[in-house]
Amino acid sequence: MSGSATMELEPAAAEAQAAAGGKVVAARSSILDSIRGCGLAGMRVDKEELRRMILMPKYLRVAMAVAVRMKDWNAGVTSASSTANRNSDDQAAPEAPMVVFVNSRSGGRHGPALKIRLQDLIAEEQIFDLSAVKPSDFVQYGLTCLEKLADLGDNCAKATRAKLRVIVAGGDGTVGWVLGALAELFVHKREPVPPTGIIPLGTGNDLSRSFDWGGSFPFAWRSAVKHTLYKAVTGPVCRLDSWHVVVVMPDGESIELPHSLRRMEKITFGQDQDVDIDGELPEKISCFEGVYYNYFSIGMDAQVAYGFHRLRNKKPYLAQGPISNKLIYSSYSCTQGWFCTPCVNEPGLRGLKNILRLYIKKANCADWEQILIPSSVRAIVALNLQNYASGRHPWGRPEPEYLEKRGFVEAHADDGLLEIFGIKQGWHASFVMTEIISAKHIAQAAAIKMEIRGGQWKQAYLQMDGEPWKQPIVKDFSTHVVIKRVPFQSLMISGK
């Protein structure tokens, strides 16, 4: 994920659950998560023992930091060769050398203080503030510096690179940004790829919840940070699917892209290519791509999220934290027709079936299958994680008999499948988000294709991992969205 760390891109669905009546449940969940993080376990971790496990030799951590700061891996290699940075008694790689990325502008007042605390526990050179350093720079320069030193015969650098682990202190948007940068290691065959743990600083924190790092920043965070770092050393490594999204639209339409999408310079069409599209395309097209880890959605939930994000960007003083975000979101959603449709003749408030055709590929199947969209559905979500909207479970936990009847399998974050469900009006969403009922199950898919065509509708609203945008649509040509699984999986550290 590209973009700036100046404001955490919290998943909009995290606030949507407040609008849907789930804020009491979410608040209770967040409080419990915070209390769990306050246990004495964090206090029992000896600081010096922890440092021996994660602190890199000084010459290596300085070299890596120099390479990143100068954006020149060779500058790091030169620094490492300096005798001033070497200590003959300090040449062994630690058990789990660790690098921490901090979004210091997440977590309200906690971000800057957390950064200082981490620098005290580890070392300043192993802590990177994302307001100043992009994770892609770390991959391109910092890791390359270690690899070049290893190629020159530095066994300590080789072992450090092989054992490296990453912690991200931020919300889901920040975690996705770092995972996207680390994914370049797969692409360029620079393995091993460091596994990633999480200190949750966002609003929804669904990635953090999914891998047992908790849903909120703990109250007694100063002692809890030590426990988190210790778990990052000892925790087992899990796998996470990610999903590549391509949007193809007629050229000439104005669109304000979210941070998670970038323009494609080259695209290939056809089966097993970037985009597999049937039907006529205009002479000139625009194409965009991105990757998501949690969810993709289209419809009323994205429309409300889009309006809220615009309001927050114009008046940032109104949204100073998770609670105020959810209260504002709740009020805003009631003005958008989510809970009631004031005029049935207004096309912008009708079901998605009027503008959307949905196709899927099932597991181990090469053919696209059209899926009929229920007329009552006003938002469709393609979910990768089990957690959504601050720890809610809209897919539910279906019984084995139901799964067999529908041809579904039990959902996991690494199963190569997306769970596609629908949400009706806000009252239906209220029951879903409070887990009284599950959402409208539509399908499980190994790939998804959406065809969106206008008419009376002039735009549709979409969002990806909490980043919404307004998608222009026209009557004469369709806009296509194709979602396929990325051919490699991200590595995550379990917080259990």
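Bear in mind that the values in this text are calculations on the coordinates, not laboratory data. Small disclaimer: the values here were computed from a predicted structure and weren't measured. Cβ sites come from the backbone with ideal geometry, for glycine too, and all protein chains shown count toward neighbours.
Odds and ends about this structure:
- Those aspartates and glutamates that a straight Cα-Cα span of less than 20 Å connects to Lys231, excepting residues fewer than 8 apart in one chain: Asp33, Asp46, Glu48, Glu49, Glu95, Asp120, Asp172, Asp206, Asp212
- The GluC sites (Glu not before Pro) of the range 173-266 that DSSP puts in a loop, and whose beta carbon has at most 16 other beta carbons within 10 Å, are Glu253, Glu256, Glu265.
- Computed over the range 44-235, the range of Cα coordinates on each principal axis works out to 44, 37, 26 Å, biggest value leading.
- Packing, taken as the mean count of other beta carbons within 10 Å per residue, orders the peptides 290-302, 115-127 from highest to lowest as 290-302, 115-127.
- Long pairs among Lys314/Lys475; Lys314/Lys440; Lys134/Lys449; Lys163/Lys189; Lys158/Lys226; Lys134/Lys362, criterion Cα-Cα beyond 28 Å: Lys314/Lys475; Lys314/Lys440; Lys134/Lys449; Lys134/Lys362
- Candidate aspartates and glutamates for bridging to Lys361, where Cα separation is under 19 Å - those fewer than 8 sequence places away on the same chain excluded: Asp241, Asp272, Asp274, Asp276, Asp278, Glu369, Glu404, Glu410, Asp414, Asp415, Glu419, Glu451
- For the listed peptides 235-248, 399-412, 200-213, 57-70, a ranking on the average number of other beta carbons within 10 Å per residue, highest first, reads 200-213, 57-70, 235-248, 399-412.
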